[in-house]
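What follows is a single structure, written as structure tokens, with notes after it.
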Amino acid sequence: MTQSNDDLRFEDLGLSQPVLQALDLKGYNNPTPIQAQAIPPVLEGRDLMGIAQTGTGKTAAFMLPSIDRLREADKQTPFKSCRMLVLAPTRELAGQIAQNAKDYGALAGLKVHSIVGGTSVNKDRNKLHRGTDILVATPGRLLDLIDQKAFTLDKVEVLVLDEADQMLDLGFIHALRRISQLVPEDRQTLFFSATMPKQIQELVGKYCRNPVKVSVTPESTTAERIDQFLFMVQQDEKQTLLEMILSERHPVPGKFERVLIFARTKHGCDRIVKKLSQSGIPANAIHGNKSQPQRERALGEFRSAKTPILVATDVAARGIDIPGVSHVLNYELPNVPEQYVHRIGRTARAGRDGIAIAFCAEDERDYLKDIRKKTDAEFERLALPDNFRAVVEGVGPTKREQKPRLARPKVRPAGDAARKPKPKQKHTARKGKPAGAGSGGAGAGAGRPGGNRNRSRNRRRSGGGAPRG
Ligand code: AMP
């Protein structure tokens, strides 16, 4: 969640007593910027176009006023239909939204259900037989039920499209077109997207009538509180570098709490997890081939920090709201710059700072260029460990000789005494040429941020004494 506005209170926005009480129970005092901007027009019945990422409080921004409007209209729960339909791209996000709807609507007496793929259709049919006030759904499962004549959308008063850009990325465009023809024309539409590519603008034109536009993150710019670092590293060296970082053999800025690692493919995620586990570093993977219970377990263990390393594909991690993600590690760079924005947006939540580290191989330079161009990101280059190539090839200080295996990742905060200031060194990672050779002990200062604007923030975060250039 982004910072809330201390001067403004939820009472000032015109919300009803039951909703205010529910907010009180959750301990929310002040609306976040997206809530402050969105709640009044939604209460008036206006359509809305919101540019906001998960973590900004956007769920409450659409859910709170909608609950109030549904309460006020006081219609009966429709048979085999719903009054408010929220479409979300992933199962995880749908689950989170439904839980929020239950929390916020606890005292409003509204029925909330969610339906997602990967679970029993029959159960969904049964639970929706008597209809519901609020339905949170992934598009595919919703259309399954509609095709089976188990559900209709003709009683929908409010339609919410959440993470619309992600729904397009996932190929839901046809599903969305069909759904748009099945909902009544006089509904209210609330449309949310983290980015605003052209295709999304066209969709907004189709779905919304004269929408109020609210935005809390400038289009395609990366969050300001995220310090971004970069390793230039060969593809076949990445796993070793990852293991050295997670096991503290090569320090990087920041103190690890939860590390979210992005890979491009499901298979890639599994391979990383397997190799980490062979090195004594427990981690979980989350991607589309995992069953729902496996995904939930991985997320639960990540949330509770029992297993604070999670390796994910873009799709699976999108929209996940987990506070305390200290590091986002891009093991592979995404080929779409917007995806990079989404990825690193998993850190720096709830007003905290965050760290994003990218591993860029030679053949990913173009992706890096696109990311820089699109987001104005300032990356601070980090040096590889000393004798790195030798370590990768197993002829240098071998993994076994180095340290006892760690059950949990531990990285000293930036500025730890071990990380002494050193002169800036040139990165020379090439086959047979260990990067940072001749620059002192492995890791000492290798992860040292250079002299850009990130430095003071790193120092603050680490409790003083951050590495200096
Ligand atoms: P969202 O962007 O909707 O996923 O929300 C991000 C997180 O912020 C969730 O954990 C919400 O429960 C929390 N949240 C939403 N609104 C507020 C608020 N006004 N004050 C404090 N926390 C909030």
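The values are calculated or read from the model by the stated rules, or taken from the named source; none is laboratory data. The model shown is predicted, which means the values in this text are computed figures rather than measured ones. Counting neighbours? That spans all protein chains shown, and the Cβs are built from the backbone with ideal geometry, glycine included.
Table for the structure above
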read-out: Lone qualifier among 382, 333, 368 - being more than 16 Å from the ligand (Cβ to nearest atom), closer than 28 Å to residue 296 by Cα, of a type in the set (A, V, I, L, M, F, W, C) and in the same structural domain as residue 251 (by TED's automatic domain parsing); value: 333
read-out: Every residue from the stretch 240-255 that is among the small types (Gly, Ala, Ser) and under 22 Å from residue 393 (Cβ atoms); value: 247
read-out: Residues of the stretch 79-127 that turn out to be of a type in the set (Gly, Ala, Ser), under 17 Å from residue 288 (Cα atoms) and crowded, with 17+ Cβ neighbours inside 10 Å, as a count; value: 4
read-out: Complete set of residues in the stretch 23-53 that are in a loop (DSSP other than H, G, I, E, B), closer than 22 Å to residue 209 by Cα and within 14 Å of the ligand (Cβ to nearest atom); value: 52
read-out: Flag if residue 93 is within 16 Å of the ligand (Cβ to nearest atom), over 27 Å from the mean Cα position of the chain (by Cα) and in the same structural domain as residue 151 (by TED's automatic domain parsing); value: no
read-out: Residues of the stretch 88-129 that turn out to be small (Gly, Ala, Ser) and in a helix (DSSP H, G or I), as a count; value: 4
read-out: Residue pairs meeting the criteria (Cβ under 8 Å; at least 6 apart or on separate chains; first in a loop (DSSP other than H, G, I, E, B), in the stretch 147-174; second among the aromatic types (Phe, Trp, Tyr)); value: 162/62; 162/192; 163/192
read-out: Which listed residue, of 79, 62, is in contact (Cβ under 8 Å) with a residue 12 or more places away in the chain, of a type in the set (Phe, Trp, Tyr) and more than 13 Å from the ligand (Cβ to nearest atom); value: 79
read-out: Pair list, Cβ under 8 Å, 6 or more apart: the stretch 90-101 residue of a type in the set (Lys, Arg), other residue near the ligand (Cβ under 9 Å from one of its atoms); value: none
read-out: Residue 115 being under 28 Å from the mean Cα position of the chain (by Cα) and within 16 Å of the ligand (Cβ to nearest atom); value: no
read-out: Pairs where the first residue, in the stretch 11-28, is farther than 15 Å from residue 107 by Cα and the second is of a type outside the set (Lys, Arg) and within 11 Å of the ligand (Cβ to nearest atom), C-beta under 8 Å, 6+ apart; value: 13/31; 13/35; 13/36; 13/39; 14/39; 28/4; 28/10; 28/60
read-out: Enumeration of residues in the stretch 121-141 that are more than 29 Å from the chain's Cα centre (by Cα) and not aliphatic (A, V, I, L, M); value: 122, 123, 125, 126, 127, 129, 130, 131
read-out: Residue that is farthest from the ligand (Cβ to nearest atom), among those in the stretch 65-76 that are within 14 Å of residue 158 (Cβ to Cβ) and either under 29 Å from the mean Cα position of the chain (by Cα) or part of a loop (DSSP other than H, G, I, E, B) (or both); value: 75
read-out: All strands (runs of 3 or more DSSP E) inside the stretch 186-303 with 3 or more residues being within 18 Å of residue 54 (Cβ to Cβ); value: 188-193
read-out: Count - residues of the stretch 296-326 that are away from the ligand (no atom under 16 Å from the Cβ), of a type outside the set (Gly, Ala, Ser) and in contact with a helix residue (DSSP H, G or I) (Cβ under 9 Å, 6 or more places away or on another chain); value: 10
read-out: Members of the stretch 11-56 found to be surrounded by fewer than 24 Cβ atoms within 10 Å (Cβ to Cβ) and on the phi > 0 side of the Ramachandran plot, listed by number; value: 14, 27, 45
read-out: Residues of the stretch 315-333 that turn out to be touching a Lys or Arg at 6+ places or on another chain (Cβ under 7 Å), surrounded by fewer than 23 Cβ atoms within 10 Å (Cβ to Cβ) and not hydrophobic (A, V, I, L, M, F, W, C), as a count; value: 5
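This table checks each residue for (1) more than 30 Å from residue 37 (Cα to Cα); (2) free of Cβ contacts under 8 Å to residues at least 12 places away in the same chain.
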residue: 211; (1), (2): no, no
residue: 239; (1), (2): yes, no
residue: 242; (1), (2): yes, no
residue: 256; (1), (2): yes, no
residue: 274; (1), (2): yes, yes
residue: 280; (1), (2): yes, no
residue: 289; (1), (2): yes, no
residue: 295; (1), (2): yes, no
